[in-house]
1. State the antiparallel share, in %, of DSSP beta bridges confined to the chain, rounding to the nearest 5.
2. Compute the projected area of the convex hull of the Cα atoms of segment 466-619, averaged over all viewing directions, and report it in nm² to one decimal place.
3. Using DSSP to call loops (not H, G, I, E or B), can you name the GluC sites (Glu not before Pro) in segment 390-447 whose Cβ has at most 14 other Cβ atoms within 10 angstrom?
4. On a 0 to 90° scale, report how tilted helix 73-83 is relative to the longest principal axis of the chain, with both axes built from alpha carbons and the result rounded to the nearest 10.
5. Just report the Cα centroid separation between segment 583-598 and segment 157-207, whole Å.
6. Assuming a ≥ b ≥ c are the square roots of the Cα gyration tensor eigenvalues, decide whether segment 395-487 counts as rounded (a/c under 1.5), prolate (otherwise, with a/b larger than b/c) or oblate.
7. Compute the distribution of all C-alpha to C-alpha distances in segment 280-368, in bins of 5 Å from 0, and list the percent of pairs in each, rounded to whole numbers.
8. So how exposed is H454, as accessible area in Å² (1.4 Å probe, rounded to 10)?
Amino acid sequence: MGCLTIVALRFSIIIALFLKVLSPDGSTLWAMELHTAPSPFKKRARIYRGHSHSSLNIENVFVKPCISLGSSCTEKIADLIKESDEFVVVFMYRLDAPNIIHALTDKYLTNIKREEGTNFRVITFLDYEQSLGDKPYHSYIKELVDNVPTSLVKLGSKSFHHKVTISKKKGYQAVVTIGSANATYESDNVHSEDTLFIQSNELAKSLLDKFYSLFTMKGPREEHTIKIYHMNRVDSGVSNTEQLTKLDNFFNPDDQFQNIEGYSQANIRSLAISTGFAQNVKENNNCFEILENILVQKNNALFLFENFLTSTDFFKLLNESETPKLIVVDNDKTNRDVEDTIKNISHSASLLFTPYTKGKFHHKLIIQYPEEGNPVVYTGSFHPSTNAIKNNSELIIGIESEALASQYLSHILYQSGLGNQRTVWGFMYEKLPELFSPEGEITKIAQKINNRLHHNIQGYPERFYSILEKFPLKETKGNLQNKIEEEANKFGQLDNREKYNLLSFWAQDIFALLNTEPYRNVFFSKQQMVGRFLKVNQIGLSSTPEEFITKLGVWINEAKEKLEKYISEGNIDHLTEIKDNLSEIESIYVCLYYAFNYVDDFKSLAMLHDTLDRIIGGL
């Protein structure tokens, strides 16, 4: 072979290798990593139109819920991985929880040198778009790819939106986890989420089969074929997709259920996986059809806890249903845009809600209380939004279990802060009074929340002491301090309405200090001085305290902006005095704001406390 031919051949090899480290859209993947081409398009594959069993029956499985903001669901999944000794498969939209990544890495690398035929298999399938980039969490994903067989799933749709793990321990039923939660730190500690643990070989086998069908599907057009990028393979020359077919050998008819605290017996009643090609494949509506089936049934009540609720088709179904519905959606801008539509849904009580952590209310959850039979809990990655219905590959599962329904409701109420919403308790007591049995989960949570409310209510005088201590009116507040301390001694003897009235009087008294001489002139002269130098118009006392506080907040923000400009222009005249006066005015504002805000907060807590008192007292 001539020198020229050899050089040309080497150059071709270099170009080919370079092209392999490019993603299909041309963006570079991780530098200096070995990447393989996507799984080939299978000409012989049938068109996979998704999977749906709206009346599936897998009897006598064992289930356990995990609700975030009180339990570490990722830690429980990591424990499953550590205890497994046959295989672990992950199908996940986003995975960056260090505990799960370390568990997968340690388990795989420890078992990689076993004899042929007994290799412990770990495979992860992640969403392509979520796994590439330069955000901090992408370094966690790189750690996973470097050490564990990992494939990236690129759909012709928007998202491979699943949140599924399957773990198998020899001699025992496989454990499947399904729910709303991605495997992330935020899912445990910031957002309100749910993960369901299910012991069932039959469910695990079904899911492995359906994901294999999804990964090898022939789309309506070739460009709709799912591309699988095998970043790290179990075996060289064999795709991770094909490895799924080898896991069936690990299921044994003699596998037992693990007798673990927290699991209860249940039945699987429905399951659906959608492909993500809605525009071309009608059957992408598989998940949506399960929701349709729920709403046409005769039900005593439905609970819908949703991250997004934006589907016009689903709004129509909800309005046609005469079932009483409690609808709680995340207080996100997308949902706020359709807030009026949500609030006007027939036969429903609804609210936009933010957990106390200020994270997302990220559930994709429906709890069905049918007129006949046991409650059914529906969870998974699917929510009734346009993207989930028309674009994404999603999953939903329905589990029949009265105990599971009560566990879901009680844990979410207590751990997310939803139990502080009076609307929720009013709906449950009116539509499902049977939930409030003397020893029931819901009753216990109602009592815990009510005890907490009672403690909080008794602490409100201390909050007003704190306001007065910080209030700058040292010359004029002494009499008011004495008055509040004297009246606070009787606070515990008053009913909630009387307590509310007393707190309202205290707030009004604190506001009245601004009209007390000599400070009235001092306050407004300081405001006038700041306004003169910074060119901010002075405000006077308004007709109501609330109106004045609002205007004062706007005035302070404008003054701060003008002060930055004043300094940037090199002005130093009276700078210290301007800052001191503005700081004192802001202190006044903060004290007034909290005085009246405490009154509003107390009213909400007191009304909820009275509601729970009536419910618990009626048992």
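1. On the way: 57 of 82 bridges.
Roughly 70 percent of the DSSP beta bridges within the chain come out antiparallel.
2. On the way: hull surface 44.2 nm².
One quarter of the hull surface, i.e. the mean projection, equals 11.0 nm².
3. Values: sites: E394, E400, E402, E430, E434, E439, E441; in loops: E394, E439.
Counting only loop positions with at most 14 other Cβ atoms within 10 Å, the GluC sites (Glu not before Pro) in segment 390-447 are E439.
4. Once rounded, the angle reads 30 degrees.
5. Each part reduced to its Cα centre gives a spacing of 48 Å.
6. Numbers: a/c = 4.43, a/b = 3.05, b/c = 1.45.
The shape class here is prolate.
7. With 5 Å bins starting at 0, P(r) equals 3, 14, 24, 26, 17, 11, 5, 1, 0.
8. Looks like 100 Å² after rounding.
The values are calculated or read from the model by the stated rules, or taken from the named source; none is laboratory data. Only a predicted model underlies this, so the values are computations on that prediction, with no experimental measurement involved. Please note: Cβ atoms are built from the backbone with ideal geometry, for glycine as well, and neighbour counts cover all protein chains shown. Side chains included, ligands, DNA and RNA excluded: accessible areas come from the protein's heavy atoms. Shrake-Rupley method; radii C 1.70, N 1.55, O 1.52, S 1.80 Å.
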